[in-house]
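Written below as structure tokens is the structure these notes are about.
The values are calculated or read from the model by the stated rules, or taken from the named source; none is laboratory data. It should be emphasised that the depicted structure is a prediction, and the values quoted were computed from it without experimental measurement. In this analysis, Cβ positions are derived from the backbone assuming ideal geometry, glycine residues included, and neighbour counts consider all displayed protein chains. What goes into the accessible areas is simple: the full protein's heavy atoms, side chains included, and nothing from ligands, DNA or RNA. Shrake-Rupley method; radii C 1.70, N 1.55, O 1.52, S 1.80 Å.
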Amino acid sequence: MKVCVVGVGNIGTNLLTSLRRRGVRAVGVEIDPDRRAALAAAGVDGVFATPDEAGDVDVWILTTSTGPGLSHILSAVRAITPKPGALVSVESTLPVGGTARLAEAFRERGFAPGEAFHLAHVPHRILFGVEETVFDAPRVVAGVTPACRDAALAFYRPLVPRLYPVDDVRVAELSKIVENGLRYLNIAFAEALFGYCLEQGLDWAQLHGAVNTKPNVELLNVDFGIGGECLPKDVRFLQEALQSPLLAAAIAADEAHRERLRRLAGPCVRILLKGLTFKPGYPDVRFSRALELAQALAADGKEVYVYDPALGPEKVAELGFRWGEPDGGYDLVYERPLAIRKSKEDEQRGQDTGDGQ
């Protein structure tokens with residue numbers, strides 16, 4: 001059996017290498033030449049520029065980003081030619097009805113899902129930067145037809161310890177965006193509380209620690225805003241389906257939180273951000289709300305300094321900011337976990353020590 005992973009980004013790379021470690025003959029397709037070069041430099045071979053170069057493929061796994069209006073995933077679908085009996089598993093996150101649109105794109109080219117080949121949706125559950133979650137987490141499995149679902153179950157069953165098949169592919173689509181929608185709601189709730197603590201002069205860290213002493217409650221921490229590629233996109237998918245005032249309020253709460261962080265700078269000139277990456281410890285600034293804040297403050301005429309060991313001085317300079325020493329003198333410091341320290345006022349709000357002490 002030969003498997004081809006289409007879209008070898010963060011998700012696809014982890015999937016490709018995990019498949020190979022399990023003895024699966026796997027190749028990849030990545031249209032971005034810079035990404036292919038980076039993969040080759042990292043020792044990840046067998047990644048081609050087009051699906052035609054992948055050869056005779058039994059299972060296609062799509063992990064490309066969805067793209068505006070499903071543009072990226074539709075491009076991938078139109079580029080692959082599944083042989084009779086092949087399985088095409090879409091692990092990319094889809095809006096409700098997305099699999100049906102992909103099925104129609106195949107039909108337009110003369111490939112009937114459930115007849116000529118099998119089309120399934122198996123939403124990925126890979127945590128950013130945590131490769132071990134590729135096959136450890138239970139997976140939801142759905143197909144355009146029952147036969148499509150069964151083909152996906154047969155492929156994933158030796159790899160994943162627990163599979164949860166569902167009858168309607170829309171349930172699988174919803175399951176992924178509901179997971180991320182729930183997390184979005186929880187973060188937005190924490191952001192609103194963080195703002196209230198700032199306004200009232202309350203210690204956010206102590207509130208966070210106090211609430212989390214109850215075993216069945218978890219109040220999440222806050223960052224520079226809800227960033228990354230997945231959560232904002234997926235909550236939009238969910239809102240398109242539900243048109244919920246609750247989701248609209250959560251989106252507004254996150255926007256207010258990010259604007260509040262910008263306003264806090266006020267008349268301060270020398271500002272330090274401790275952390276610029278999307279997530280602490282990973283040298284990736286794509287979809288980073290910290291980077292957005294730094295750029296907004298610079299546009300406001302502030303002297304923006306950044307301390308982020310995951311990036312280092314050279315990368316920080318490439319991004320257009322000064323390297324800042326963590327113990328230097330600044331008018332305002334933004335820290336992670338999110339805390340706001342104004343040195344002139346000798347105050348610190350929000351630093352989470354983990355126990356509220």
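Brief remarks on what is shown
- Think of segment 213-297 as a dipole: +1 on every Lys or Arg Cβ, -1 on every Asp or Glu Cβ, centred on the Cα centre; then among Leu247, Leu231, Phe278, Phe278 lies furthest on the positive end.
- Accessible-area ranking of His118, His124, largest first, probe 1.4 Å: His118, His124
- The chain: relative contact order in percent, alpha carbon pairs under 8 Å with at least 6 residues between: 11
- Label-reachable residues, segment 295-336, where backbone N falls under 13 Å from a point 7 Å from Arg262's Cα toward its Cβ: 295-302
- Longest stretch of the chain clear of exposed loop sites (trypsin sites (Lys or Arg not before Pro), DSSP loop, at most 14 other Cβ atoms within 10 Å, sites excluded): 163-285.
- Residues of segment 222-243 with amide N under 17 Å of a point placed 7 Å along Cα→Cβ from Ala249: 239, 242-243
- Averaged per residue, the chain has 46 square angstrom of accessible surface, using a 1.4 angstrom probe with ligands and nucleic acids left out.
- Counting only Cβ charges, +1 for Lys and Arg and -1 for Asp and Glu, the dipole size of segment 231-290 around its Cα centre is about 380 debye.
- Among Glu30, Glu292, Glu108, Glu115, the order of accessible area from largest down is Glu115, Glu108, Glu292, Glu30, computed with a 1.4 Å probe on protein heavy atoms.
- Partners for Lys233 among aspartates and glutamates (Cα-Cα distance below 15 Å; same-chain residues under 8 apart left out): Glu173, Glu179, Asp254, Glu255
- Based on DSSP H segments of at least four residues, each scored -39500 (n - 2.57), the chain has a per-residue ellipticity at 222 nm of -12500 deg cm²/dmol.
- Rounded to 5, percent antiparallel among DSSP beta bridges of the chain: 20
- On the chain, 53 percent of the accessible area sits on carbon and sulfur atoms, based on a 1.4 Å probe.
- Taking the Cα centre of segment 184-331 as origin and assigning +1 to Lys and Arg Cβ atoms and -1 to Asp and Glu Cβ atoms, the resulting dipole is close to 100 debye.
- Here's the list of lysines a cross-link from Lys315 could span, going by alpha-carbon distance under 26 Å and ignoring same-chain residues fewer than 8 apart: Lys274, Lys279, Lys302.
- Placing +1 on each Lys and Arg Cβ and -1 on each Asp and Glu Cβ, with no other charges, gives segment 1-101 a dipole about its Cα centre of roughly 260 debye.
- Solvent-accessible area of Tyr307 with every protein chain in place, 1.4 Å probe, in Å² to the nearest 10: 70
- When nucleic acids and ligands are ignored and a 1.4 Å probe is applied, Leu182 ends up with an accessible area of around 100 Å².
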